[in-house]
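Below: one structure, written as structure tokens.
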Amino acid sequence: MADTTPTSKAFWEGLTPSVSSGLASVAEAGRAALDRLPVPTRRSERWKYSPLTAMLAQPLNSPEAPHGIPEDVHVQPIPGLDAYRVVLVNGHVVTEACDFPVAEGVICMPLFQALDEGRLQGGDADWSGYHEREWVGALHAAHAQDGVYLELEEGVTLDRPLLVHHHVTGSNVAVCPRHRIVMGDQSSAEVLVWHSSSSEATGMVNALLEGHVGRGARLGLDKVQNEQGKIFHLAHEHVTQASDSTFRVHSMTVQGHWVRNELNVAQKGRGAHTIMHGVYLPKDQEHVDNHTTMDHTVPNCTSSELYKGILYDRSTGVFNGKVFVRQEAQQTNAYQQNANIVADQGASINAKPELEIYADDVKCSHGCTVGQFDDEALFYLKSRGIGERAARALMVQAFIGDVLAGMGSEEVAAEVETLLSERHGWM
Amino acid sequence: MLTIKNLHAQVDQTAILKGLDLEIAPGEVHAIMGPNGSGKSTLASVLAGREDYEVTQGSVDFDGSDLLDMDASDRAREGLFLAFQYPVEIPGVSNLNFMKAAINAQREHRGMEAISAKDFLALVKEKSALVELAGRLRDRSVNEGFSGGEKKRNEIFQMAMLEPKLAILDETDSGLDIDALRIVSQGVNAMREAGRSFLVITHYQRLLDHIVPDHVHVLSDGKIVKSGTKDLAMELEEKGYDWIKEPAV
């Protein structure tokens, strides 16, 4: 029987293959996998609610490196934030806008440069195996572009956050940034990855971030998606943790036409702690999908996952939270919570917690709620003179406030809140 | 202050208020008593602007304005306050932010500037002392984890903060122990003044020992069937409501 899978070749064959010699073997494997792996459609369970059909309908092109800094890339997207800065436009590092080198004991440079200098040897060029598992990963690997390489030496604390600002501009562009973060033992850093795009931008962002948090180290990662235009944003973060390490990640979708976040964290050493928090507030016909995998492979680790969404208009959302507790992972304490408010009749959410527990001495709890705004609470606020819009704003802030409060800095949390209230007209 | 004429209201096609008349002058305290299901809380809800109550007939004049033409927040800004029978818990919204938003909404409505942080805190300190509301309760999320008595004290605290022209207390005494009843009543009495009126809705006479009304009305089957002084409340306490429901001899 004929397969009705969209012919994907036309979609990607016009794209420029990855140009880094250090990634040559990964790119080659990616190209081979593109023919082998199935294109995500509604038929596959993992992509059931986020088929790529709409994205594949339009062939894409690889954008040239920009000349200088485009005007609509704000010099500083977050008021008041004192950070080291790396700027990428369409997957190209804009060196003149970057604070290289950042600090002593910290290696921060374009990924391609790190590859050229032999910092990622052999199989180290790829940690995630994303391109072997997923067609989207293969698409990324075959066309992988530049990104940030951040490495902290043992015991070093980055004194300011690192802001990685990724901007997209142009029509039907295919952008595949690739980042690597290596946290040496007992090191500590806060990283903010800020995604923006110009209002007329269309195309795909297919981003990969690989990270490793060494023994006793701490990495805080804030990812903010604030993309205008019509971007299909596919993101994959793959992070491994050594013993007694802490990894915190906030995935905040402020705006995005179509977003799929795939976050995989694996604990490889005892005493590791993981915090995965996220917020999504799609409107119009936007789509936001968060697929998370928390893999507890060793004893005595903890994880805390909290995702909150409010879905407006005819938007759609997906939350899929997979938690593995392997047989060896005794004394695991894993928590997962996903709360949704479907604000309008046309909106919908598909939420699915998936817990696979093979150890017997563990504490795992999870909860998933889908509801509406509490009319009684709204009336209570209004009965004190607070107007309908302000009352709703208060309730939204209350709902997502605990997620915002856990972000790396108050400035970033405040900016996210400001952008959300401007976008939704709360104040 | 408030003139209700021939008020009819229904919920889900069920008529509850069936021609209610009531006149409250500035500075007066009126009590409405009545058996369960007589329409007491419906009256409070209709006056406060709850949306699922439909007014089918009649008029309500509030200090010269058509009350029924305003939405709930405008009624509050104009000086109407409802102390809820069941105050709502709103996790994540701090009691103080809530009050600040409410006060500023009212001030904006009156063409005033937003209140300064200093003035606001001074106001909070003064008004919370009135109902012996401890700081930790003020600083928490709205009513979250409050006991029944704490919730009712929080209602009176909010009333004191907003200084309404007309306050409706909807069974504020329900679920209160003697001490809480005393504190709540003290808070209300401290606010009695010439320009402020109260409509106290209650099932029991005991609240009226503390908040002494000028007028007492008995509501039955959606109408006021008897009015009198505070002595009427005593009589009701003795005889129950049944004698009221029977046709006058």
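Projecting the Cα atoms of B:185, B:227, B:243 onto the dipole axis of the stretch B:2-245, where Lys and Arg carry +1 and Asp and Glu carry -1 at the beta carbon, places B:185 farthest toward the positive end. Name the residue from B:10, A:409, B:64 whose Cα lies farthest towards the positive end of the charge dipole of the protein assembly as shown, charges +1 on Cβ of Lys and Arg and -1 on Cβ of Asp and Glu. My answer, from the dipole projection, is B:10. If you take the alpha carbon atoms of the stretch A:9-269 and fit the smallest convex hull around them, that volume is 119 Å³ per residue. A helix-only calculation puts chain A at -5500 deg cm²/dmol for mean residue ellipticity at 222 nm, using -39500 (n - 2.57) for each DSSP H run of at least four residues, averaged over all residues. For the residue pairs A:230/A:382; A:268/A:363; B:125/B:151; B:127/B:151; A:382/B:118; B:152/B:230, alpha carbon separations beyond 27 Å are given by A:230/A:382. From the P(r) of the stretch B:172-249, can you give the percent of Cα pairs sitting at distances over 22 Å? Cα-Cα pairs of the stretch B:172-249 separated by over 22 Å account for 29 percent.
Note: relative contact order over the stretch B:56-192, using C-alpha pairs below 8 Å and six or more positions apart, is 35 percent.
P(r) for the stretch A:282-363, from all Cα pairs and a bin width of 10 Å, is 20, 39, 23, 15, 4 %, short bins first.
Put simply, the amide H of residue A:355, placed in the peptide plane, has neighbours under 5 Å in A:323, leaving out anything fewer than 5 places away on its chain.
For the stretch A:119-255, taking the reciprocal of the average inverse distance between every pair of different Cα atoms yields a Kirkwood hydrodynamic radius of 15.5 Å.
Counting only DSSP beta bridges whose two residues both lie in the protein assembly as shown, roughly 15 percent are antiparallel. Over every Cα atom in the protein assembly as shown, the radius of gyration and the widest Cα-Cα span, Dmax, amount to 31.1, 106 Å. In order along the stretch A:181-186, the phi-based Karplus estimate (6.51 cos²θ - 1.76 cosθ + 1.60, θ = phi - 60°) of 3J(HN,Hα) comes to 10, 10, 9, x, 4, 6 Hz; Gly and Pro are listed as x.
At full extension, residue A:19 and residue A:36 could sit 3.9 nm farther apart than now, given 0.36 nm per residue minus the alpha carbon distance. Under a model in which nothing but the beta-carbon of Lys, Arg (+1) and Asp, Glu (-1) is charged, the protein assembly as shown shows a dipole of about 580 debye around its Cα centre. Other residues with beta-carbon under 11 Å from the beta-carbon of residue B:210 carry, at +1 per Lys or Arg and -1 per Asp or Glu, a net charge of 0. Over all pairs of different C-alpha atoms, the stretch B:21-128 has a mean inverse distance whose reciprocal, the Kirkwood radius, equals 16.4 Å.
Take every pair of alpha-carbon atoms less than 8 Å apart whose residues are at least six positions apart; their mean separation over the length of the stretch B:2-245 yields a relative contact order of 29 percent.
Taking a temperature of 4 °C and a viscosity of 1.567 mPa s, what whole-number D in µm²/s does Stokes-Einstein yield for the stretch A:375-427 with Rh from Kirkwood over alpha carbon pairs?
Reported coefficient: 110 µm²/s.
Of the GluC sites (Glu not before Pro) in the stretch A:297-399, the ones in a loop by DSSP (not H, G, I, E or B) with at most 13 other beta carbons within 10 Å are A:328. Taking B:70, B:112, B:99 in turn, the Gaussian network model of chain B (Cα-Cα springs below 10 Å) assigns the largest fluctuation to B:112. Shielding of peptide A:371-380 by partners, expressed as the average count of other chain Cβ atoms within 10 Å per residue Cβ, is 5.
The mean number of partner chain beta-carbon atoms within 10 angstrom of a residue's beta-carbon across peptide A:385-397 is 6.
A cut-off of 5 Å between modelled amide H atoms, ignoring neighbours fewer than 5 places along the same chain, links residue B:63 with B:2, B:3.
Can you tell me the relative contact order of chain A? Whole percent, Cα pairs under 8 Å, sequence separation 6 or more.
On the way: 1118 pairs, mean separation 43.2, N = 427.
About 10 percent, as a whole number.
Peptide B:81-93 is shielded by partner chain Cβ atoms: per residue, an average of 5 of them sit within 10 Å of its Cβ. With the charge dipole of the protein assembly as shown set up from +1 on Lys and Arg Cβ and -1 on Asp and Glu Cβ about the Cα centre, the Cα lying farthest toward the positive end among the listed residues A:16, A:79, A:287 is that of A:287. Just to be sure I understand: with springs between alpha-carbon atoms less than 10 Å apart, which residue in A:211, A:385, A:406 has the highest mean-square fluctuation in the Gaussian network model of chain A? Looking only at A:211, A:385, A:406, the biggest GNM fluctuation is shown by A:385.
Sorting the segments A:263-271, A:28-36 by their mean number of nearby beta carbons within 10 angstrom, highest to lowest, gives A:263-271, A:28-36. Evaluating kT/(6 pi eta Rh) at 4 °C and 1.567 mPa s, with the Kirkwood radius of the stretch B:2-245 over Cα pairs in the Stokes-Einstein relation, gives 70 µm² s⁻¹. Under the shape rule built on the C-alpha gyration tensor, where the axes satisfy a ≥ b ≥ c, the stretch A:70-188 is oblate, since a/c reaches at least 1.5 while a/b does not exceed b/c. In this Cβ point-charge picture (+1 for Lys and Arg, -1 for Asp and Glu), the stretch B:122-167 has a dipole of about 0 debye about its Cα centre.
With contributions of -39500 (n - 2.57) from each DSSP H run of at least four residues, the per-residue ellipticity at 222 nm computed over chain B stands at -11000 deg cm²/dmol. Rounded to the nearest 10 degrees, the angle from helix B:95-109 to the longest Cα principal axis of chain B is 80 degrees. About the centre of its Cα atoms, the stretch A:375-427 shows a dipole size close to 300 debye [charges on the beta carbon of Lys, Arg (+1) and Asp, Glu (-1) only; nearest 20 debye]. Packing around the peptides A:172-178, B:208-214, B:135-141, taken as the average count of other Cβ atoms within 10 Å per residue, puts them in this order, highest first: A:172-178, B:208-214, B:135-141.
Across all C-alpha atoms in the stretch A:325-414, the radius of gyration and Dmax reach 18.2, 57 Å.
Quick note: the coordinates plus some simple rules give every number you see, no bench work behind them. Please read all numbers here as calculations on a predicted model, not as lab measurements. Methodologically, a virtual Cβ is constructed for each residue, glycine included, from the backbone with ideal geometry; neighbour enumeration extends over all protein chains shown.
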